[in-house]
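Scroll down for the structure; my scribbles are underneath it.
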Amino acid sequence: MAKIFCSLIFLCCLVLSTGARVNHRILSSSTLGHDDATPTGSNFTFVCDPARYSSLGLEASNFAFCDTSLSYEVRAMDLVNQMTLTEKVHQLGNKAYGVPRLGLAAYEWWSEALHGVSNVGPGTFFDDLIPGSTSFPTVITTAAAFNESLWKVIGQAVSTEARAMYNLGRAGLTYWSPNINVVRDPRWGRAIETPGEDPYVVGRYAVNYVRGLQDVEGSENYTDPNSRPLKVSSCCKHYAAYDVDNWKGVERYTFDARVSEQDMVETFLRPFEMCVKDGDVSSIMCSYNRVNGIPTCADPKLLNQTIRGDWDLHGYIVSDCDSLQVMVDDHKWLGDTKEDAVAQTLKAGLDLDCGDYYTDNVEAAVRQGKVREADIDKSLNFLYVVLMRLGFFDGIPQYNSFGKNDVCSKQNIELATEAAREGTVLLKNENNSLPFSIDKVKTLAVVGPHSNATSAMIGNYAGIPCQIITPIDGLSKFAKVDYQMGCSDVACKNESFIFPAMEAAKKADATIIFAGIDLSVEAESLDRDDLLLPGYQTQLINQVASVANGPVVLVLMSAGGVDISFAKRNENIKSILWVGYPGEEGGNAIADVIFGKYNPGGRLPLTWHEADYVDMLPMTSMPLRPIDSLGYPGRTYKFFNGSTVYPFGYGLSYTQFTYNLTSSTRSLDIKLEKYQYCHDLGYKMARSNLPAPRSELIIPSIMIGLNSKLRSRM
């Protein structure tokens with residue numbers, strides 16, 4: 001077992017990113033919770049604590065914004081009305097400076113919790129008291145489970161750890177997660193962060209993860225959504241039509257997504273609409289790119305009209321980090337000055353700037369008459385209502401007891417294992433090669449660049465894991481392992497390690513090859529050039545498989561699809577598993593599947609295209625539907641009808657299934673003037689007792705949902 005807490009090696013491997021292009025100032029010691037919390041987490045301070053005001057030489061009862069008999073909206077308005085213009089603008093950046101004369105503490109808005117509490121962003125940190133947090137599988141991996149209850153319970157576990165760390169002064173309460181951009185192109189580097197290519201599935205993931213993060217037990221019957229308490233605040237990002245990072249010199253900072261109204265509504269906006277309407281998320285983050293010529297953070301149609309007007313957001317809108325600087329320096333939109341940029345975005349509906357553009361330039365914009373002080377007041381009201389719902393001003397007593405023992409708990413680590421198991425997809429299993437029997441497979445040759453994976457399994461936007469169980473760690477519990485790297489890393493530029501791997505395979509009862517890609521190939525700011533395995537990995541796989549004594553299993557780690565047609569056809573490779581990036585418990589989960597402790601049931605949340613697909617269209621082309629006259633093949637499983645390596649939704653099992661679609665006898669009335677989506681449409685239950693051959697899942701033209709007897713699924 002490789003237990004890693006503050007490992008220097010691991011820290012060096014993390015990708016620090018939310019897109020920030022500058023190093024923001026670290027959280028100051030005056031931030032509430034970071035100086036006032038006790039080591040036990042039993043008596044942390046909140047803004048309106050009378051004892052805290054007394055220590056400042058103030059009286060809490062003198063401030064109406066501390067009067068709990070008033071609504072949050074009235075209290076927020078009172079607080080904002082007491083601020084000077086200078087004080088107001090200093091609350092509009094991710095670092096809100098507070099107002100000492102009013103007893104208002106500083107606050108750092110930027111924290112991340114994509115698949116666990118992360119130290120990406122200055123709002124959260126680890127130290128000797130809290131050396132790490134549970135690192136669940138990356139989102140693309142848990143999406144493969146197609147299990148809504150799993151997504152929600154992961155959110156609940158993450159928010160419990162976040163609350164515990166907040167009590168101990170190591171974290172904030174506002175988390176800019178999840179990423180719910182639809183994966184339009186298989187080369188996109190950030191597919192690792194998202195739930196895949198189907199907008200409805202992405203939206204349902206958002207709803208459940210957000211509910212898991214935010215919902216407070218017992219608050220279900222609140223009629224006023226702006227008074228409903230929040231466990232932590234979640235943020236759905238990046239709004240909208242953002243799915244190009246850095247492809248052949250085209251960067252997200254300058255990319256203009258040209259999108260039809262139909263594609264915008266049906267695909268790119270739909271997950272966000274579901275996140276707001278069904279998930280009641282408390283924040284939306286706008287993206288760097290432009291949509292049809294207009295920067296998203298300056299578009300009043302996207303922000304004020306759609307998010308606030310049409311969807312009725314109960315929360316705030318924040319920019320991706322340094323988006324306003326991008327508007328001025330990269331987009332050069334309308335030849336904006338800094339004052340123009342902050343005025344346009346405030347009026348469009350942007351409330352909070354991740355960066356310092358608002359802090360440094362809004363006051364000048366007001367004095368130049370480019371924006372009204374009332375626009376600032378409106379944004380601040382949204383922000384402080386969210387903080388009040390979080391208990392930042394009054395506390396939430398039911399969470400006061402959360403502390404060190406709630407982080408990296410046994411329960412959460414077991415959940416991380418279960419999530420990695422459920423996200424595992426069985427792609428090939430000839431002659432029932434898997435699962436292995438511990439009575440027959442006593443020795444294993446374990447080869448390939450991911451055999452001893454640590455940080456690669458964790459992915460990006462991660463914190464420091466509680467521990468890391470490598471594939472070798474997990475497999476060693478079932479059999480004697482002979483490990484040969486085969487390649488020194490995923491780039492696999494050296495053939496010299498292949499021969500020792502072949503020798504190991506000749507002697508072992510079975511061989512497992514761990515291959516794939518990692519953050520050096522697909523990541524934020526790094527889109528892929530192709531869909532192939534890097535370097536000599538294909539040669540390694542074929543040569544090892546050709547000499548192996550026993551059955552050969554190929555285990556792939558990746559987010560996006562890889563063209564492994566060669567392995568699919570190779571008769572020497574009996575089984576193929578895709579495990580995504582399975583998190584800190586990945587080694588245990590993989591071993592459990594291979595040795596039959598768990599029956600895999602995951603399904604691919606993305607189409608795995610053949611390598612030549614990317615030659616048919618540039619990554620920058622936004623249309624989803626095919627254009628036959630231009631040879632344009634279309635995008636995602638909904639519109640692409642060509643051949644694939646594996647289709648969306650593909651996945652096998654050790655159990656035999658048949659699927660039947662039946663026509664409903666019920667009619668459904670649809671008001672044509674209103675946009676609606678269908679949900680809760682059940683398929684006939686799968687029957688595992690029929691004497692049918694093992695079958696692949698038959699994918700309908702549009703996948704609505706699946707029900708399984710084995711466990712709850714969407």
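The values are calculated or read from the model by the stated rules, or taken from the named source; none is laboratory data. What you are looking at is a predicted structure, and each value in this text was computed from that prediction instead of being measured. Positions of Cβ are backbone-derived with ideal geometry, glycine not excepted, and every protein chain shown enters the neighbour counts.
Would a scan of the range 660-679 turn up a residue that is closer than 30 Å to Phe566 by Cβ and modelled with pLDDT under 95? It would help to see each step written out before you state the result.
Filtering the range 660-679 for residues closer than 30 Å to Phe566 by Cβ gives none.
No, every residue in the range 660-679 fails to be closer than 30 Å to Phe566 by Cβ and modelled with pLDDT under 95.
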Output the number of residues of the range 174-223 satisfying the condition of being part of a loop (DSSP other than H, G, I, E, B), of a type in the set (Val, Ile, Thr) and over 27 Å from Pro122 (Cβ atoms). 3
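Return a yes/no flag: does the range 615-622 have any residue that is part of a loop (DSSP other than H, G, I, E, B), in the same structural domain as Asn432 (by TED's automatic domain parsing) and closer than 15 Å to Thr424 by Cβ. Write out each step before concluding.
So in the range 615-622, the residues part of a loop (DSSP other than H, G, I, E, B) come out as 616-622.
Of the ones still in play, those that are also in the same structural domain as Asn432 (by TED's automatic domain parsing) are 616-622.
So of that shortlist, the ones also closer than 15 Å to Thr424 by Cβ come out as none.
Within the range 615-622, not a single residue is part of a loop (DSSP other than H, G, I, E, B), in the same structural domain as Asn432 (by TED's automatic domain parsing) and closer than 15 Å to Thr424 by Cβ.
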Within the range 441-499, how many residues turn out to be among the aromatic types (Phe, Trp, Tyr) and within 30 Å of Asp127 (Cβ to Cβ)? 1
If a residue has to be touching a residue at least 40 places away in the same chain (Cβ under 8 Å) and in a helix (DSSP H, G or I) to count, how many in the range 295-307 make the cut? 7
Starting from residues that are under 21 Å from Thr68 (Cα atoms) and either under 15 Å from the mean Cα position of the chain (by Cα) or hydroxyl-bearing (Ser, Thr, Tyr) (or both), keep the ones in the range 207-238 and report whichever is surrounded by the most Cβ atoms within 10 Å (Cβ to Cβ). Ser233
Among all residue pairs at least 6 apart or on different chains, which show Cβ distances below 6 Å where the first residue, located in the range 650-663, is not assigned by TED's automatic domain parsing to the domain that holds Lys568 and of a type in the set (Gly, Ala, Ser) and the second is buried (at least 19 other Cβ atoms within 10 Å of the Cβ) and in a loop (DSSP other than H, G, I, E, B)? Gly651/Gly602; Gly651/Arg603; Ser653/Gly601
Search the range 522-543 for residues that are without any contact (Cβ under 8 Å) to a residue 40 or more places away in the chain and assigned by TED's automatic domain parsing to the domain that holds Trp608 and pair each with any residue that is of a type in the set (S, T, N, Q) and crowded, with 17+ Cβ neighbours inside 10 Å when their beta-carbon atoms are under 7 Å apart and the residues are at least 6 apart or on different chains. Asn542/Asn570
Going through the range 455-468 one residue at a time, which ones are part of a helix (DSSP H, G or I) and either closer than 30 Å to Lys506 by Cα or among the hydroxyl-bearing types (Ser, Thr, Tyr) (or both)? Ser455, Ala456, Met457
So in the range 497-543, with the set limited to residues that are touching a Pro at 6+ places or on another chain (Cβ under 8 Å) and polar (S, T, N, Q), which one is nearest to Cys487 (Cα to Cα)? Gln537
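Restricting to helices (runs of 4 or more DSSP H) lying wholly in the range 58-147: which have 1 or more residues that are touching a residue at least 60 places away in the same chain (Cβ under 8 Å) and under 22 Å from Leu383 (Cβ atoms)? Give the derivation first.
Working: elements: 72-81, 85-89, 139-143.
Per the criteria, 72-81, 85-89.
Of the residues Lys428, Lys370, which single one is touching a helix residue (DSSP H, G or I) at 6+ places or on another chain (Cβ under 9 Å), part of a loop (DSSP other than H, G, I, E, B) and basic (Lys, Arg)?
Values: Lys428 fails: part of a loop (DSSP other than H, G, I, E, B).
The conditions single out Lys370.
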Of all residues making up the range 47-57, the number that are in a loop (DSSP other than H, G, I, E, B) and more than 22 Å from Val386 (Cα to Cα): 2
Looking at Gly596, is it assigned to a loop (DSSP other than H, G, I, E, B), in contact with a His (Cβ under 8 Å, 6 or more places away or on another chain) and either surrounded by fewer than 23 Cβ atoms within 10 Å (Cβ to Cβ) or among the small types (Gly, Ala, Ser) (or both)? no
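Answer with yes or no whether Val407 is farther than 21 Å from Tyr107 by Cβ and modelled with pLDDT of 95 or more. Before the answer, list the steps.
Values: farther than 21 Å from Tyr107 by Cβ: yes; modelled with pLDDT of 95 or more: yes.
Criteria met by Val407.
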Candidates Ala445, Ala343 - the one that is assigned by TED's automatic domain parsing to the domain that holds Leu230, of a type in the set (A, V, I, L, M) and touching a residue at least 24 places away in the same chain (Cβ under 8 Å): Ala343
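Filtering the range 388-398 down to residues that are surrounded by fewer than 22 Cβ atoms within 10 Å (Cβ to Cβ) and in contact (Cβ under 8 Å) with a residue 60 or more places away in the chain, which residue is farthest from Tyr316 (Cα to Cα)? Full working, then the answer.
Of all residues in the range 388-398, those surrounded by fewer than 22 Cβ atoms within 10 Å (Cβ to Cβ) come to 394-398.
Pick out the ones that are also in contact (Cβ under 8 Å) with a residue 60 or more places away in the chain and you get 394-396, 398.
On the way: Asp394: 20, Gly395: 20, Ile396: 21, Gln398: 25 Å.
Looking at residues that are surrounded by fewer than 22 Cβ atoms within 10 Å (Cβ to Cβ) and in contact (Cβ under 8 Å) with a residue 60 or more places away in the chain, I get Gln398.
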In the range 469-506, anything in a loop (DSSP other than H, G, I, E, B) and crowded, with 18+ Cβ neighbours inside 10 Å is listed as Ile469, Thr470, Phe478, Ala479, Met485, Gly486, Cys487, Val490, Cys492
Can you confirm whether the range 625-636 contains a residue that is among the acidic types (Asp, Glu) and free of Cβ contacts under 8 Å to residues at least 24 places away in the same chain? yes
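Let's see how each residue does on (1) in contact with a Phe, Trp or Tyr (Cβ under 8 Å, 6 or more places away or on another chain); (2) buried (at least 19 other Cβ atoms within 10 Å of the Cβ); (3) free of Cβ contacts under 8 Å to residues at least 24 places away in the same chain:
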position: Ser260; (1), (2), (3): no, no, no
position: Val265; (1), (2), (3): yes, no, no
position: Val276; (1), (2), (3): yes, yes, no
position: Tyr288; (1), (2), (3): yes, yes, no
position: Gly293; (1), (2), (3): no, no, no
position: Leu313; (1), (2), (3): no, yes, no
position: Val318; (1), (2), (3): yes, yes, no
position: Ser323; (1), (2), (3): yes, yes, no
position: Met327; (1), (2), (3): yes, yes, no
How many residues, within the range 182-223, are closer than 14 Å to Ser234 by Cα and among the acidic types (Asp, Glu)? 1
Counting only residues that are crowded, with 20+ Cβ neighbours inside 10 Å and among the acidic types (Asp, Glu), which one in the range 239-258 is nearest to Gly189 (Cα to Cα)? Asp245
Search the range 332-348 for residues being out of contact with any Phe, Trp or Tyr (no Cβ under 6 Å at 6 or more places or on another chain) and aliphatic (A, V, I, L, M), and hand back the single one that is farthest from Arg308 (Cα to Cα). Leu334
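Can you report the number of residues in the range 244-281 which are part of a loop (DSSP other than H, G, I, E, B) and in contact with a Gly (Cβ under 6 Å, 6 or more places away or on another chain)?
Taking the range 244-281 first, the residues part of a loop (DSSP other than H, G, I, E, B) are 244-245, 248-249, 252-255, 258-260, 269, 278-281.
When the remaining residues are screened for being in contact with a Gly (Cβ under 6 Å, 6 or more places away or on another chain), the result is 245.
Summing the residues that are part of a loop (DSSP other than H, G, I, E, B) and in contact with a Gly (Cβ under 6 Å, 6 or more places away or on another chain) in the range 244-281 gives 1.
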